[in-house]
Structures are given as structure tokens and as C-alpha cells.
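Novice: Attaching a single structure in C-alpha cells format; questions to follow.
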Amino acid sequence: MSLKMTLDYEVMEAAVLGGAVLGGGGGGSMELGRQAARLALELGTPVLIPIDALADDAMLLTVSAVGAPAARTAFVKPVHYIRTVELFSKNTGEKIHGLITNECGGLASVNGWLQAAALGIPVIDAPCNGRAHPTGVMGSMGLHRVAGYISRQVAVGGSPQTNSYIEVFASGSLEATASMVRQASIQAGGLVAVARNPVTAGYAKENAAPGAIGKCIAVGRAILTNRAKGPLPAIEAAAEVLGGAIIFTGKVAAVSLETTGGFDVGKVVVQGERQMAELTFWNEYITLEIEGERKGTFPDLLATMDLSSGLPLSSAEIQEGQEIAILHVHRDRLILGSGMKDPDLFHVVEKATGKEVIKYVFAGRGV
């Protein structure tokens with residue numbers, strides 16, 4: 001994207017659809033994304049600006065949702081997203097020149113639209129990561145390696161009716177503040193709106209994922225353009241835009257999902273014509289094995305696509321009996337932020353899923 005883009009309903013649908021594909025099982029639900037974006041468009045006219053249009057010293061603020069999308073007691077309203085930015089400015093005194101989302105996803109790709117429309121701050125096409133990821137530090141653009149960096153984070157969510165409403169302002173190390181935000185999401189019922197980690201545009205140009213929202217929009221437009229031809233052509237069109245491929249098709253034979261520690265964790269077993277595939281997920285799909293052989297490893301993109309509609313399915317939505325295609329895009333073809341390039345951040349992924357990840361991604365072996 002080389003010019004300012006006015007965000008409208010056509011862009012919304014493309015961003016939500018393409019974002020859900022790049023969510024790789026996570027990144028929030030498309031319906032929540034549509035709800036938030038529609039309200040933003042009713043409130044005002046948000047704009048998306050390429051990061052190269054900003055001076056290097058312009059200050060950017062990451063906005064997101066944090067928690068377990070499948071949690072039945074999750075309660076985050078649009079006003080909570082606006083409240084996070086207001087509380088951040090109140091508590092820090094920072095002048096914010098642009099908003100960036102933490103990742104791509106059905107909800108995440110439109111993070112910031114509502115705040116932008118309500119507060120008159122532009123959305124910048126430089127998400128922290130060009131796909132969805134499970135931990136806050138992974139979406140912190142390598143700030144955990146910046147000596148002396150103090151993370152400041154605001155979390156808001158929960159229902160006053162159930163006494164779960166919470167507002168948190170945390171300041172400290174990235175790991176400690178991210179842990180506090182995750183705990184806030186649990187107290188709020190499973191999900192919170194978040195504003196965090198101000199950085200300069202110069203830093204984001206080097207460490208975020210510039211152009212990744214534009215990629216979401218391109219993927220979504222490919223799906224919308226080709227859906228009239230049928231579900232499979234729509235999925236194939238998305239794969240072509242991403243430089244990936246449909247790696248497996250079949251019927252979902254089993255799904256196990258547990259919401260624990262603020263995450264959705266589990267696996268999906270898919271029965272193909274002659275082979276069996278297994279996806280593990282920790283919000284996002286982490287591994288794909290076909291007949292026990294590793295075929296995809298996070299941060300590769302693994303996306304489940306509904307063969308009856310051509311639309312993406314998140315790990316929280318997938319159900320037994322569905323006919324699905326598994327889309328695979330190698331990590332080298334994705335726009336990834338610095339948080340995807342540090343093997344130290346992947347130990348928790350291995351612990352949560354019980355699957356080896358680091359050796360496949362960082363040791364030059366496997367896929």
C-alpha cells in the first residue's frame with residue numbers, strides 16, 4: 001500500500017476475511033471483527049496509512065485483544081477498546097500519532113479502527129506481526145531485547161453485572177506486564193481489550209510487519225472475487241496470494257479443546273481419503289502432522305478453511321464432521337515481526353503443546 005486508504009465496508013469485509021486466514025486459527029472471530037469495524041464506520045471515517053508516510057520519531061501504540069476466544073464468559077465491548085487508549089494517554093502523557101494492531105486475524109486485522117474513528121488517530125499498516133501468535137511477547141517487536149525498555153500496558157474488560165469488570169495499568173518488563181494482562185483477561189472472563197508498548201515509527205519500520213494489513217485485504221479480496229466459482233477456487237485464490245498451497249483436505253474426525261491459563265489449547269484430527277492429519281493449536285495452529293510426519297510448524301501459517309463455504313475457520317470454531325482444507329504457507333513467505341525470530345520465545349509453545357518446534361524452525365531441519 002503506497003497511499004492513504006479510507007476504510008469502508010468493502011475494505012472491512014476483505015480485511016476480516018483475509019485476516020482470519022492469516023490468523024492461522026487465532027486472531028479473534030470474524031463476527032467480532034465485523035461488529036467492531038461496523039461501529040467504527042458508523043462513528044467516523046478511519047484511515048489506514050503506510051508507515052513510510054510517518055516521520056521516524058512519530059509515536060505508535062499497539063492495540064489488541066488478549067485472551068481465549070472460546071471462553072464462554074468473555075465480555076469485551078467496543079467502549080472498552082476506546083477506554084484503553086484514553087487510559088493509556090491519561091496514565092503516561094504520551095502523544096500518540098498512530099495505532100497499530102498486534103497481529104492479523106478476523107478481529108485483529110481491524111484492531112484500532114474503532115479507536116481511530118472515535119479519537120481521530122490514524123491506523124498504521126505496520127502490525128507487530130503479519131500473522132497471529134499466542135503470546136504477548138511474540139507481538140512486541142523484539143522489545144524484550146531492548147535494554148532498559150519499560151513496557152506500559154492497559155487492559156480493560158469484563159462485565160459489571162457479574163463483577164468481572166477490570167481496568168489494569170501495568171508498567172515493567174515485557175514478560176511481567178504481559179503476564180499481568182493475561183491474568184486480567186482471566187479475571188474478566190476470558191478476554192480484555194489492550195493498549196500497550198509505545199514505539200517510534202522508526203523502530204516499527206525495522207521490527208514490525210509493514211504492509212501486512214494490505215496483505216490481509218488482498219487475501220480477502222481474492223476470496224470474495226472467487227467465491228462465485230465455488231469454495232475450492234476461493235481457497236485456492238487465497239493460497240495463491242500468500243504463496244502457499246492446500247496441503248490436505250478431509251473431514252474433521254475429532255476436536256479436543258480446553259481453555260486454560262487464558263489460552264485455547266487442543267488438537268484437531270482430520271481424516272482424508274487415505275491419510276490422517278493432526279493439527280495442534282495454542283490459540284493458533286502450531287503443528288501439522290500427516291501420518292506422523294511433520295509438514296508445518298509455527299510460525300508457518302496453517303489455516304483451516306471450510307470446504308462448504310470457502311471461508312476460514314478458527315481453532316475455536318472448528319467442529320467434528322466439517323469438511324475442511326488445510327492451507328499451508330511457509331514462514332519465509334510471510335511478513336513477520338521481530339518477535340518471530342527469537343527462539344527463546346518458542347520454549348513456552350513447546351511446553352504448552354508438547355510438540356517440538358524450535359528444532360524445526362531455527363535449526364535448519366524439518367520443514
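The values are calculated or read from the model by the stated rules, or taken from the named source; none is laboratory data. For clarity, every value in this text was computed on a predicted model and none was experimentally measured. Neighbour counts run over all protein chains shown; Cβ positions are idealised from the backbone, glycine included. Just the protein is used for accessible areas: all its heavy atoms, side chains included, with ligands, DNA and RNA removed. Shrake-Rupley method; radii C 1.70, N 1.55, O 1.52, S 1.80 Å.
Novice: Can you tell me which residues in region 200-227 are farther than 17 Å from His133 by Cβ and of a type in the set (A, V, I, L, M)?
Specialist: Within region 200-227, Ala201, Ile217, Ala218, Val219, Ala222, Ile223, Leu224 qualify.
Novice: Here's another thing I want to ask about it. What residue, of Gly24, Gly18, is under 17 Å from Pro127 (Cβ atoms), out of contact with any helix residue (DSSP H, G or I) (no Cβ under 9 Å at 6 or more places or on another chain) and surrounded by 22 or more Cβ atoms within 10 Å (Cβ to Cβ)?
Specialist: Gly24
Novice: Name the residues in region 232-287 that are open to solvent by less than 30 Å² (accessible area, probe 1.4 Å), hydrophobic (A, V, I, L, M, F, W, C), more than 30 Å from Thr73 (Cα to Cα) and under 19 Å from the mean Cα position of the chain (by Cα), would you?
Specialist: Those that are open to solvent by less than 30 Å² (accessible area, probe 1.4 Å), hydrophobic (A, V, I, L, M, F, W, C), more than 30 Å from Thr73 (Cα to Cα) and under 19 Å from the mean Cα position of the chain (by Cα): Ala238, Ala239, Leu242.
Novice: May I ask you to list the residues in region 182-198 that are surrounded by fewer than 23 Cβ atoms within 10 Å (Cβ to Cβ) and not charged (D, E, K, R)? Explain how you work it out, then say what you get.
Specialist: Within region 182-198, the subset surrounded by fewer than 23 Cβ atoms within 10 Å (Cβ to Cβ) is 182-183, 186-187, 189, 198.
The answer is Gln183, Ile186, Gln187, Gly189, Pro198.
Novice: A further question follows. Would you check if Ala178 is of a type in the set (A, V, I, L, M) and either free of Cβ contacts under 8 Å to residues at least 40 places away in the same chain or surrounded by 23 or more Cβ atoms within 10 Å (Cβ to Cβ) (or both)?
Specialist: Details: of a type in the set (A, V, I, L, M): yes; either free of Cβ contacts under 8 Å to residues at least 40 places away in the same chain or surrounded by 23 or more Cβ atoms within 10 Å (Cβ to Cβ) (or both): yes.
Criteria met by Ala178.
Novice: I'd like to check something: does region 124-141 contain any residue that is in a helix (DSSP H, G or I), closer than 22 Å to Pro50 by Cβ and open to solvent by less than 10 Å² (accessible area, probe 1.4 Å)?
Specialist: Step one: of region 124-141, the residues in a helix (DSSP H, G or I) are 137-139.
Narrowing further to those that are closer than 22 Å to Pro50 by Cβ: 139.
Applying the additional criterion that residues be open to solvent by less than 10 Å² (accessible area, probe 1.4 Å) yields 139.
Yes, because at least one residue in region 124-141 is in a helix (DSSP H, G or I), closer than 22 Å to Pro50 by Cβ and open to solvent by less than 10 Å² (accessible area, probe 1.4 Å).
Novice: Which ones in region 279-318 are among the acidic types (Asp, Glu) and farther than 26 Å from Val66 by Cα?
Specialist: Here is the first cut: in region 279-318, the residues among the acidic types (Asp, Glu) are 284, 289, 291, 293, 300, 306, 317.
Passing the criteria: Glu289, Glu291, Glu293.
Novice: May I ask you to say which residue of Val199, Val156, Val168, Val181 is of a type outside the set (D, E, K, R), under 23 Å from Asp342 (Cβ atoms) and outside any helix (DSSP H, G or I)?
Specialist: Val199
Novice: Further, regarding this structure: Only one of (1) assigned to a strand (DSSP E or B); (2) farther than 30 Å from Lys4 by Cα is not met by Leu232, so which one is it?
Specialist: (1)
Novice: Can you pull out the residues in region 55-81 that are farther than 21 Å from Thr135 by Cβ and open to solvent by 30 Å² or more (accessible area, probe 1.4 Å)? Please lay out each step first, then the result.
Specialist: Taking region 55-81 and keeping what is farther than 21 Å from Thr135 by Cβ, we get 55-59, 72-73, 75, 77-80.
Matches in region 55-81: Ala55, Asp56, Asp57, Met59, Arg72, Thr73, Phe75, Lys77, Pro78, Val79.
Novice: Now, a different point. If a residue has to be part of a strand (DSSP E or B) and either open to solvent by 10 Å² or more (accessible area, probe 1.4 Å) or in contact with a Pro (Cβ under 8 Å, 6 or more places away or on another chain) (or both) to count, how many in region 325-341 make the cut? Let's see the steps before the verdict.
Specialist: Narrowing region 325-341 to residues part of a strand (DSSP E or B): 325-329.
Narrowing the set further to residues that are either open to solvent by 10 Å² or more (accessible area, probe 1.4 Å) or in contact with a Pro (Cβ under 8 Å, 6 or more places away or on another chain) (or both) leaves 328.
Number of matching residues: 1.
Novice: Out of all the residues in region 102-129, which are of a type in the set (Val, Ile, Thr) and out of contact with any strand residue (DSSP E or B) (no Cβ under 6 Å at 6 or more places or on another chain)?
Specialist: Val110
Novice: Name the residues in region 274-290 that are among the acidic types (Asp, Glu) and in contact (Cβ under 8 Å) with a residue 24 or more places away in the chain, would you?
Specialist: Matches in region 274-290: Glu284 only.
Novice: Before we move on, is Met5 open to solvent by 20 Å² or more (accessible area, probe 1.4 Å) and either touching a Leu at 6+ places or on another chain (Cβ under 6 Å) or of a type in the set (Gly, Ala, Ser) (or both)? First the steps, then the outcome.
Specialist: Values: open to solvent by 20 Å² or more (accessible area, probe 1.4 Å): yes; either touching a Leu at 6+ places or on another chain (Cβ under 6 Å) or of a type in the set (Gly, Ala, Ser) (or both): yes.
So Met5 passes the test.
Novice: A further question on this structure: Kindly provide the set of residues from region 288-312 that are out of contact with any helix residue (DSSP H, G or I) (no Cβ under 6 Å at 6 or more places or on another chain) and surrounded by 21 or more Cβ atoms within 10 Å (Cβ to Cβ), ordered by number.
Specialist: Once the filter is applied, which keeps residues that are out of contact with any helix residue (DSSP H, G or I) (no Cβ under 6 Å at 6 or more places or on another chain) and surrounded by 21 or more Cβ atoms within 10 Å (Cβ to Cβ), region 288-312 yields Leu288, Gly296, Phe298, Leu301, Leu302, Thr304.
Novice: Kindly indicate which of Val146, Val168 is of a type outside the set (Phe, Trp, Tyr), without any contact (Cβ under 8 Å) to a residue 40 or more places away in the chain and open to solvent by 30 Å² or more (accessible area, probe 1.4 Å).
Specialist: Val146
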